[in-house]
Amino acid sequence: MKRTLTTIPKREFQSFHDFPIVTDLDNMDADIAILGIPYGAPYSNDEVSNDQVNAPTHIRRNCERALRGLDRYDFDIGGTLLDGRDIKVVDCGDVSGFPDDIIGNHRRSEQAVSKIIRAGALPIILGGDHAIPIPVLRAFSAHQPITLIQIDAHIDWRDDFSRPGSNYSVSEGLSSVIRRISEFEHVDQIYQIGLRSAGSARPEEFAAALNYGAHLVSDIDLQTQGMEKILKRLPDGGNFYLTIDADGIDPTIMPAVAGPAPGGVTYHQMRTLIHGLFKKGKVLGMDIVEITPRKDLNGISAITAGRFICNFIGTAVRCDYFERSK
């Protein structure tokens, strides 16, 4: 056998774990759908500096290091990812977006998530900037009441975000995300976990969160009590949606963020939360946003995000989520 001097370059992952790519959302047959949403209300109109738009691709490219293969035993979930079951997972690609089209970005994102929901699939969203949970939650209007579980260092209750000395103002993203979501009639309770340091909140925004009735779980409370006790506070049998701002996670495992803060939710705590939510009630979906790829260290942020998703999928499979949803 003749040996060649060169070999074909290794093909990198185009979809999450090489799951089938399905872009026809009107004719989709799936139990779980991965969807990238690069654009919401970007922090900058400069596509070079706005590196968060590259996060969905960054997570996909590093997913092999989060799970070496679908045939590998995963100790976090007690077996292979899909547990040998007939569960269909697809990657729907990325929602088209533009840095200066916030309204259009939200409309297209809501439409895409709505189609996934109508197809009966469990959506997992790869962001993108922090405006993305707004259109995603709008798509769940028929699933009330929803309990929102937010992982974040900041409460994000500004009414709008304005840059000093400019005409740039955003009320549907950036630091206004939870304020907008709190206005949705189908969102009932909001739990904000991992709050710490001196974030974007001013006293009036902190007061607005308390007046609404948001459950503010500081990092001090979390580390003192543990995630198991936080889970006990959540309503039994609720409809849960999980949104993860990357800066809510311990920066030693999620360093690629714009606003890092010491402390935060650890990997163990995040795994406990994901497993616990599926035991507690019905989990409608999840997203992870605010990863800035060029700030990543050895891909660890993308790997950590991939591990959260693997725990999410593996737990859904093992709690017979798809049998109960039929």
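State the antiparallel share, in %, of DSSP beta bridges confined to the chain, rounding to the nearest 5.
Beta bridges within the chain, antiparallel portion: roughly 5 percent.
With an 8 Å cut-off on Cα pairs and a minimum separation of 6 or more residues, tell me the relative contact order of the chain in percent.
21
Toward the positive end of the charge dipole of the range 242-326, about the Cα centre and with charges on Cβ (Lys, Arg +1; Asp, Glu -1), which of Tyr267, Tyr321, Thr292 goes farthest?
Farthest towards the positive end: Tyr321.
Calculate for the chain the 222 nm mean residue ellipticity that helices alone would give, adding -39,500 (n - 2.57) per DSSP H run of length 4 or more and normalising by residue count, nearest 500 deg cm²/dmol.
-9000 deg cm²/dmol
Which of (i) 57, 46, 44; (ii) 74, 46, 40; (iii) 65, 50, 35 is the computed Cα extents along the principal axes in Å for the structure on display?
(ii)
So, R0 is 45 Å and r is the distance between the beta-carbons of Asp86 and Arg202; what FRET efficiency does that work out to, to 0.05?
Efficiency computed from Cβ-Cβ geometry: 0.30.
Within 10 Å, at most 10 other Cβ atoms, and a DSSP state outside H, G, I, E, B define an exposed site. Report the longest part of the chain free of exposed chymotrypsin sites (Phe, Trp or Tyr not before Pro).
For chymotrypsin sites (Phe, Trp or Tyr not before Pro) (loop position, at most 10 other Cβ atoms within 10 Å), the longest site-free span of the chain is 76-326.
With a 1.4 Å probe and every protein chain kept in, tell me what percent of the accessible surface of the chain is carbon plus sulfur.
Carbon and sulfur atoms account for 50 percent of the accessible area of the chain.
Accessible area per residue for the chain in Å², computed with a 1.4 Å probe and the full protein assembly in place, what is it?
So the chain comes to 44 Å² accessible per residue, rounded to a whole number.
Magnitude of the Cβ-charge dipole of the range 175-235, K/R +1 and D/E -1, about the Cα centre, nearest 20 debye?
Once rounded to the nearest 20, the dipole reads 140 debye.
Find, among the trypsin sites (Lys or Arg not before Pro) in the range 50-139, those assigned to loop by DSSP (not H, G, I, E, B) with at most 14 other beta-carbon atoms within 10 angstrom.
Arg68, Arg72, Arg85
Let me know the charge dipole size of the chain about its Cα centre in debye, to the nearest 20, where only the beta-carbon of Lys, Arg (+1) and Asp, Glu (-1) is charged.
Taking the Cα centre of the chain as origin, the dipole is about 940 debye.
Would you work out if the range 169-250 is rounded, prolate or oblate? Take a ≥ b ≥ c from the square roots of the eigenvalues of the alpha-carbon gyration tensor; rounded if a/c is under 1.5, else prolate when a/b is larger than b/c, oblate otherwise.
Because a/c hits 1.5 or more and a/b fails to exceed b/c, the range 169-250 counts as oblate.
The values are calculated or read from the model by the stated rules, or taken from the named source; none is laboratory data. Remember, predicted model here, so these are calculated numbers, not experimental data. So basically every Cβ, Gly included, is an ideal-geometry build from the backbone, and we count neighbours across all protein chains shown. Each accessible area value is taken on the protein alone, full model and side chains, heavy atoms only, with ligands, DNA and RNA left out. Shrake-Rupley method; radii C 1.70, N 1.55, O 1.52, S 1.80 Å.
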